[in-house]
Amino acid sequence: MTVVAGLGYALIALGPAFSLFAGVVARKPFLVLTLLTSTLFWLISLIILSGIWRVFLPIRSGAWWPYAILTLTSVAFQEGIRLVFWRLYKKMEEMLDSFADTISKPRLCLTDKMLISLAGGLGHGVAHAVFFCLSLLTPAFGRATFYVERCSRMPFFLVSAIISLGFLVIHTFSMIVAFNGYDERKRSDQVFAPIVHLIASVMTLINLAPDGCVIGTPLLCVMGAVTLQYCWRMSNAVEKSSNQCIMLEQLDSE
Amino acid sequence: MDPAVGSPDPAPAPGATSTAATVLDSLGAEVLAVMSPVSICMALVVLLISLLAPPSSSGAAAAAPPPVTAATLVYLESPTDTPGQKLVGALLDAAVFVALVAVVTFVLVALYYYRCTGFLKNYMRFSAFFVLFSMGGAIAAAVLRRLAAPLDAATALVLLFNASAVGVLSVFASAVPIIVRQGYMVALAVIVAGWLSRLPEWTTWIMLIALALYDLVAVLAPRGPLRMLVELASSRDDELPALVYESRPTVGPASGSSSYSSAMGSVEMQPVADPGRSGGNQYDRVEQEDDLSHAVVEMRDVGGNWSGIRESSSPGGSMFQLGNLDREVPMAVPGQSSNHGGNSQHAVIQIEQHEEGETAPLVSASSANNAVPNEEHRQSSSSDSPLEFEMFESTRGIKLGLGDFIFYSVLVGRAAMYDLMTVYACYLAIIAGLGCTLILLSICKHALPALPISIMLGVTFYFLTRLLMEPFVVGSSTNLVMF
């Protein structure tokens, strides 16, 4: 395989993220900053996690339960990070609102909040894809490809790219759901993100079984689709319930 | 691109048009105007290094001897040395390098002090030409060789010479579009960083840390050379005689371009006329007169020394200079329409300062108009405009020294020789450090070194990533277990 293959894998993993970035995030500088902050957050969480787990690595292959513990702790930790991120965002929102008052602009409306949460989620997803897929992709630009023993049907890079894509979708859109849930204190939306995250991570455990990736990877994609659909429904409902933002914008443009 | 906005987002943002609907639209553009060229520069260096890396082999085949530069005068690392030897040698190298840099900076400051501006400019031009022509040529040749793209010598020389000539012209000439100038600044940084990243590993790390410390001292110490340079330049109301990246709004980037051009097309004399019209919300007459006089000074300055000293007035002469000032206003305070003058903008900044300071850098592009009122608030400081060498908020947004570009890129390039994962981590760390510096900048309003926070964070993250994260991530993702 050559450069073409490497680029292809990279685009599978990050193509949707790139189009989201170019279409939505890059237009507003503040969203880009949010994305960078959220990426940094995720990186720091990963470093802390790996610092904790460094002692126990490498795990002797064969047993699956250490991986289960690893994913469970990681998911728990990252959901905690999400809460911290939410706190920070809340503070920043207050500041933005007061800033908007001082220059007599409308406060952040619902669309803005959703855009910010989208950028935050995209940051998490991009960080995941970058560190778990893109950074291991260097050999794919060379002449060979790589198969993992347990997954002999698909090249390793393809599997990790697809998994990264799934996680990217999950991270991005569950962040929107979670932020909205925190904002409206809706319990079901609040627990949606951790549950989806947990299920998705558990699904990657299927890959530990011989040829498990044939089942695990599509299931993960289904999980991503479920997240997307849930987010879609939720944002539709939210939009119907409060239409003020668009009206405000229309007033402004008139 | 418009349908792409509509699909993931239930309510498409009509605010992307001229009437900015929310605060979100233009907030942080200043910060991004600095971060994006830094990112581009780092990305290019990483690309260059991974392209030029010897294919299909690791350290052993990197037989090309590292160049003898100022940084390896004392000690040249060889792979067989013990860590102790390497450490001592690298420390010596770094000390010599930093001492050289310090001496050269002092000489430059002395030259500037005795008003040898002509010599300085020509020296800068010469060094830009040298970098572009010889070092850039060498790098271009290496890239061509690597890509196996044949190019005859005559064509290559002509192309190279033309490119370098334009680069030299763009360094200090005023008639060059700002985007060309910025492009050449990034190109210079990429070339020098690509060159410096050939240094041996230990030397690179120690040198980066030493330079960060030197930067800290040189900018913040009362007699630091860079600080003296900046204060001199601002006391003469002059541009810095150095290679500095200016994040003036170009017509190119992102969303706001239409508003810039429209604002630019409107009224050129806005900064002079405005304070009289819209002022008086917080400041009394005296300050307004101050404002006026400053604007007049600005104009006279443009008229008088425009040809020689003002390295960066925009194309078109004095009228455009003012138009440029005006252009700054709608960008600096997000969404503010262009008939608000400097005074109201200053008021915004004052209010912001009472707050946490978190959002402050995003709005703190002070225009020249409030530089004068600012001075009255800070009687103690000897400098008279919000200034610094490394980073600098002034009429034209934030300025960042070219050295910062170079050493950020050297750090990322060194990380690129290990793995892509360290590259991303270092990139994020450097950008975070830059963001922190910008926040600090908006709080303390004077010269700040841009290297220390970023370099320290970058080095820390590099080693954390390399030692802690990589085994973890590789271990779990080669088992296809992710979370």
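Please report the net charge: other residues with Cβ closer than 13 Å to the Cβ of residue A:147, K and R +1, D and E -1. Each step should come with its number before you reach the end.
Details: positive: A:150, A:153; negative: A:149, A:211.
Local charge sum for residue A:147: 0.
Along the charge dipole of chain A, Cβ charges K/R +1 and D/E -1, which of A:9, A:210, A:23 sits furthest on the positive end?
Sorting the options by dipole projection puts first A:210.
Consider all pairwise Cα distances in region B:98-172 and report the whole-number % of them above 21 Å.
The calculated P(r) of region B:98-172 puts 44 percent of pairs beyond 21 Å.
What FRET efficiency comes out for residue B:201 versus residue A:48 if R0 is 30 angstrom and r is the Cβ-Cβ distance? Round to the nearest 0.05.
On the way: r = 27 Å, r/R0 = 0.89.
Once rounded, the FRET efficiency stands at 0.65.
Can you find, among A:190, A:50, A:231, the residue farthest towards the positive end of the dipole of region A:3-252? Put +1 on the C-beta of Lys and Arg, -1 on that of Asp and Glu.
Of A:190, A:50, A:231, it is A:50.
How long are the semi-axes of the equivalent ellipsoid of region A:3-252, taking √(5λ) for every eigenvalue λ of the Cα gyration tensor, in whole Å from largest down?
Values: eigenvalues 242, 75, 58 Å².
For region A:3-252, the semi-axes come out at 35, 19, 17 Å.
Only four residue types carry charge here, +1 at the Cβ of Lys and Arg and -1 at the Cβ of Asp and Glu. Report the dipole size of region A:3-252 about the Cα centre in Debye, rounded to the nearest 20.
Numbers: 19 positive and 14 negative charges, 82 e Å.
Here the size comes out at about 400 debye.
Pick from A:165, A:88, A:33: which is most flexible by mean-square fluctuation in a GNM of chain A where alpha carbon atoms under 10 Å apart are linked?
Comparing A:165, A:88, A:33 in the GNM, the peak value goes to A:88.
So, counting K/R as plus one and D/E as minus one, what does the shell of residues with Cβ under 15 Å around residue A:46 add up to?
Numbers: positive: A:54, A:82, B:466; negative: A:79, B:419, B:470.
Net charge around residue A:46: 0.
Could you sort the peptides B:118-124, B:408-414, B:183-189 by per-residue average Cβ neighbour count (10 Å cutoff), highest mean leading? Kindly include the intermediate steps, with their values, before the conclusion.
On the way: B:118-124: 14.3, B:408-414: 27.9, B:183-189: 22.0.
In descending order of packing, they fall as B:408-414, B:183-189, B:118-124.
Would you mind ranking B:405, A:18 by Cβ crowding within 10 Å, fewest neighbours first?
Details: B:405 26, A:18 14.
The most exposed by this proxy come first: A:18, B:405.
Per residue of B:423-435, what is the mean number of Cβ atoms on other protein chains within 10 angstrom of that residue's Cβ?
Details: counts 2, 8, 8, 0, 4, 10, 3, 0, 5, 6, 0, 0, 4.
Per residue, the number of nearby Cβ atoms from other chains is 4 on average.
In terms of Cα to Cα distance under 20 Å, which lysines are near enough to residue B:399, apart from those fewer than 8 places away along the same chain?
B:121, B:445
If you add up the charges near residue A:3, with Lys and Arg at +1 and Asp and Glu at -1, over every other residue whose beta carbon is less than 15 angstrom from its beta carbon, what do you get? Mind dumping the intermediate values first?
Working: positive: A:143, B:146; negative: none.
Around residue A:3, the charge tally is +2.
Name the lysines eligible as straight-distance cross-link partners of residue A:90: C-alpha to C-alpha under 17 Å, and not fewer than 8 places from it in the same chain.
Excluding near neighbours in sequence, the set is A:113, A:186.
Work out the length of the dipole vector of region A:74-205 about its Cα centre, built from +1 on the beta-carbon of each Lys and Arg and -1 on the beta-carbon of each Asp and Glu, and round it to the nearest 20 debye. Write out the running numbers ahead of the final one.
Details: 13 positive and 10 negative charges, 49 e Å.
My answer is approximately 240 debye.
May I ask you to derive the FRET efficiency for residue B:418 and residue B:80 from their Cβ-Cβ distance with R0 = 25 Å, giving the value to the nearest 0.05? Intermediate values should be presented prior to the final figure.
Details: r = 20 Å, r/R0 = 0.81.
FRET efficiency, residue B:418 to residue B:80: 0.80.
Region B:127-187 to region A:118-159: how many Å between their Cα centroids?
A separation of 36 Å, based on Cα centres.
Neighbouring Cβ atoms within 10 Å as the yardstick, rank B:203, B:478, B:80 fewest first.
Details: B:203 25, B:478 15, B:80 6.
Ascending Cβ contact count within 10 Å gives the list B:80, B:478, B:203.
What is the average number of partner chain Cβ atoms found within 10 Å of a Cβ in A:89-100? Intermediate values should be presented prior to the final figure.
Working: counts 0, 0, 2, 3, 0, 2, 8, 7, 1, 4, 12, 6.
Mean shielding count: 4.
According to a simple spin-label model (label point 7 Å from Cα along Cα-to-Cβ), what is the distance in nm between residue A:72 and residue A:88?
2.9 nm
Tell me, how many Å apart are the Cα centres for region A:11-55 and for region A:202-244?
Between the Cα centre of region A:11-55 and that of region A:202-244, the gap is 19 Å.
Packing-wise, with mean Cβ within 10 Å as the measure, how do B:437-443, A:49-55 rank, highest first? Intermediate results must be reported in sequence, preceding the final value.
Working: B:437-443: 21.1, A:49-55: 16.0.
Ranking the peptides B:437-443, A:49-55 by packing returns B:437-443, A:49-55.
All of the numbers you see were taken from the coordinates with simple rules; none came from a lab. As the structure is a computational prediction, the values presented were derived from the model and not from experiment. So basically every Cβ, Gly included, is an ideal-geometry build from the backbone, and we count neighbours across all protein chains shown.
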